[in-house]
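Computed from the coordinates by the stated procedures, all read-outs in this text should not be read as laboratory data. It should be emphasised that the depicted structure is a prediction, and the values quoted were computed from it without experimental measurement. FYI the Cβ positions are ideal-geometry reconstructions off the backbone, even for glycines, and counts take in every protein chain you see.
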Amino acid sequence: MSIKSPKYLLLCVGVMLLTISSVFAQSKKILQFSGLITSTGSDLPVGFVTIKNTSFNNQTFMSNNDGYFSFVAHVGDEIQFTSVGFDPVTYTIPEVEGDKHTASVKMRALIIELPAVTPFPWASYEDYLAEFMGLGSGEDPIATARRNLSPDALAALARVVPRSAEEIQTFNSLQRHQYMQNKNINQRMNNPFLNPFNWYQFINSIKKGDYSREKLKY
């Protein structure tokens, strides 16, 4: 008689357990599990809740924006509801008549109080006070303002600071205004070949012989 290896025996046991669990799951009553998820203490729906059937292959579902869900499950399945900002809820589907079951799931909002934090760039208030008292601002504010508004300072800022939307719009409006004012005096806009009066004078000159070869001789 040959002795089977331990790995082979473990494999056989695993297959048997999976078969038994599958047969047991199929033997349970199947129903349509539906419901509405709301917040505890109010009727506000909790949307996009993750729903996991931990009793049947960890099947995962999700409620819609209104907190409604509906999927196929078995009697006795444990359903876990989880959502960010809420305590997880576990619901066991009871034995009911018919093939449908509707439940109202309540989820309690999490209230987490964090300890107060005071942001401070110095190690202590005493260090801040020493640094503040040590600031020796001996410059005249009027002289500082004049230096910052000098033409050289403004030109340096103009080279590195991008234009704002208001400045660009003002510049474009000014350009359009100048274009409209100069349109009538800009010679580029007055094409003599498109002027009918010039053509009239040119034709009359030809008829009169102003451009005849005899008159053009020197």
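Once label points are set 7 Å from the Cα along Cα→Cβ at both residue 104 and residue 131, what is their separation, rounded to one decimal in nm? Taking the simple label geometry, residue 104 and residue 131 are separated by 5.8 nm. Only alpha carbons enter this Debye calculation for region 141-181, each as an equal point scatterer, and the log10 of I(q)/I(0) it gives at q = 0.16, 0.19, 0.27, 0.30 Å⁻¹ is -0.60, -0.71, -0.86, -0.91. Stokes-Einstein diffusion for region 30-107, with the hydrodynamic radius set to the Kirkwood value over Cα pairs and evaluated at 4 °C in a medium of 1.567 mPa s, equals 104 µm²/s.
Label region 86-130 by shape, choosing from rounded, prolate and oblate, from the square roots a ≥ b ≥ c of the eigenvalues of the Cα gyration tensor; if a/c is under 1.5 it is rounded, and otherwise prolate applies when a/b is larger than b/c, oblate when it is not. Taking the square roots of the gyration eigenvalues as a ≥ b ≥ c, region 86-130 is prolate. For chymotrypsin sites (Phe, Trp or Tyr not before Pro), the sites in region 48-107 that DSSP calls loop and that have at most 14 other Cβ atoms within 10 Å are 48.
Looking at region 63-129, the GluC sites (Glu not before Pro) that sit in a DSSP loop and have at most 11 other Cβ atoms within 10 Å of their own Cβ are 95, 97, 113.
Count Lys and Arg as plus one, Asp and Glu as minus one, and take only other residues whose Cβ is under 13 Å from that of residue 38; the net charge is then 0.
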